[in-house]
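The values are calculated or read from the model by the stated rules, or taken from the named source; none is laboratory data. As the structure is a prediction and not an experimental result, all values here were calculated from the model. With ideal geometry, Cβ positions are generated from the backbone for all residues, glycine too; neighbour counts draw on all protein chains shown.
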Amino acid sequence: MAKHVVAAVADIPPGTRRLTQVNGRAIVVFNLGGEFFALNNRCPHRGGSLFHGKQTGLVESDGPGNYRYSRPGEIEYTKLGEIIRCPWHGWEFDIRTGQSWCDPKRVRVRQYAVSIEPGEALVQGPYVAESFPVSVENDYVVVEA
Ligand code: FES
């Protein structure tokens with residue numbers, strides 16, 4: 001696994017996501033209130049693009065008419081939660097772990113390690129900046145894939 005610089009931190013503000021290509025793989029990087037997570041863009045059901053999915057909180061129920069809404073995300077006004085719903089058939093995945101909610105023991109989206117690195121460190125490697133200039137004064141999102 002190599003480390004790839006995919007964006008400046010400022011390019012993925014809290015509550016947003018970015019689709020990036022790493023070694024031929026489409027990877028979505030999410031910013032959940034300042035924490036970064038990277039998932040494969042391909043839904044394990046039939047290949048829908050998770051980048052185009054709806055971000056929501058978690059709805060759980062233990063019976064008819066009784067439900068709980070949790071994990072709404074850090075940015076209340078955007079109503080963006082920590083769950084990504086595939087746009088094709090609605091399967092939902094935990095952005096923090098890639099775990100599915102329809103079959104949590106068997107189905108998950110591949111997750112990649114993400115770190116934030118100062119531009120100063122990037123000149124030392126072993127990073128690969130693929131499509132944009134890196135400057136020492138900025139921080140960058142680095143995906144291991
Ligand atoms: S392709 Fe994602 S739910 Fe069917």
Selection within segment 14-34 - surrounded by fewer than 16 Cβ atoms within 10 Å (Cβ to Cβ), under 11 Å from the mean Cα position of the chain (by Cα) and in contact (Cβ under 8 Å) with a residue 24 or more places away in the chain: LEU19
Where the second residue is near the ligand (Cβ under 6 Å from one of its atoms) and the first is under 13 Å from PHE51 (Cα atoms) and lies in segment 83-97, which pairs have Cβ atoms under 7 Å and are six or more apart or on separate chains? CYS86/CYS43; CYS86/HIS45; CYS86/GLY48; PRO87/GLY48; TRP88/CYS43; TRP88/ARG46; TRP88/GLY48
In segment 53-70, anything farther than 19 Å from ILE84 by Cα and either among the acidic types (Asp, Glu) or outside any strand (DSSP E or B) (or both) is listed as ASP62, PRO64, GLY65
Please determine, by comparing only the residues of segment 80-92 that are touching a helix residue (DSSP H, G or I) at 6+ places or on another chain (Cβ under 7 Å) and within 9 Å of the ligand (Cβ to nearest atom), which one is nearest to ILE27 (Cα to Cα). CYS86
Is segment 70-89 home to any residue that is touching a Pro at 6+ places or on another chain (Cβ under 9 Å), surrounded by fewer than 20 Cβ atoms within 10 Å (Cβ to Cβ) and closer than 20 Å to VAL143 by Cβ? no
Within segment 128-144, which residues are at pLDDT 70 or above and part of a loop (DSSP other than H, G, I, E, B)? SER135, VAL136, GLU137, ASN138
Give me the residue from segment 93-126 that is of a type in the set (A, V, I, L, M, F, W, C), within 13 Å of the ligand (Cβ to nearest atom) and outside any strand (DSSP E or B) and, out of that set, surrounded by the fewest Cβ atoms within 10 Å (Cβ to Cβ). CYS102
Contact list, first residue from segment 2-13 and within 17 Å of GLU137 (Cα to Cα) and in a strand (DSSP E or B), second anywhere and small (Gly, Ala, Ser) and modelled with pLDDT under 90, beta-carbon distance below 8 Å, six or more apart or interchain, is VAL5/ALA129
